[in-house]
1. So which helices (runs of 4 or more DSSP H) stay within region 1-107 end to end and still have 3 or more residues that are of a type in the set (S, T, N, Q) and open to solvent by less than 60 Å² (accessible area, probe 1.4 Å)?
2. Picking from ILE89, ILE55, ILE41, which residue would you name as being modelled with pLDDT under 90, of a type outside the set (Gly, Ala, Ser) and closer than 23 Å to LEU8 by Cβ?
3. Determine whether region 69-79 contains at least one residue that is modelled with pLDDT under 95, small (Gly, Ala, Ser), within 11 Å of the chain's Cα centre (by Cα) and farther than 25 Å from TRP102 by Cβ.
4. Just checking, which of VAL40, VAL94 is in contact with a helix residue (DSSP H, G or I) (Cβ under 9 Å, 6 or more places away or on another chain), under 21 Å from LEU7 (Cα atoms) and of a type outside the set (D, E, K, R)?
Amino acid sequence: MITLSWLLFIALIGGALALIDGIRRLRGRGGSTVVGIIEVIVAALFVLSLFLPGIPFGSIVLGIATLVVLVVALITRGRTGVSLTIAAIVLVAVWLILVNRWLVIPGIN
């Protein structure tokens, strides 16, 4: 059973944006196709880990890995835009901060 919450909503949007950004990197002709492949794999595993508890790494570890890959993708941006990457970075970082209870906002976590 999946419990809908704001944390799940934030993680889903962040993971989906990271996945879309990775796909856009793969379709582009820039030199960052390796980063795009890694980004697609890590983002897909992150989104799946939110629903399936059998993923070998937890969602927090995959969230950190997604954040690292997104920062690397931002540094080696190629010909793709940066707005999608920055939005995904912000959402995944906010999710990591809220899920670890480093910041408590009543009604969200």
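1. No helices (runs of 4 or more DSSP H) qualify here.
2. ILE55
3. No, region 69-79 contains no residue that is modelled with pLDDT under 95, small (Gly, Ala, Ser), within 11 Å of the chain's Cα centre (by Cα) and farther than 25 Å from TRP102 by Cβ.
4. VAL94
The values are calculated or read from the model by the stated rules, or taken from the named source; none is laboratory data. Just so you know, these numbers come straight off a predicted model, no measurement behind them. Neighbour counts are summed over all protein chains in view; Cβ atoms, including those assigned to glycine, are modelled from backbone coordinates with ideal geometry. The area values use the complete protein model at the heavy-atom level, side chains included, leaving out ligands, DNA and RNA. Shrake-Rupley method; radii C 1.70, N 1.55, O 1.52, S 1.80 Å.
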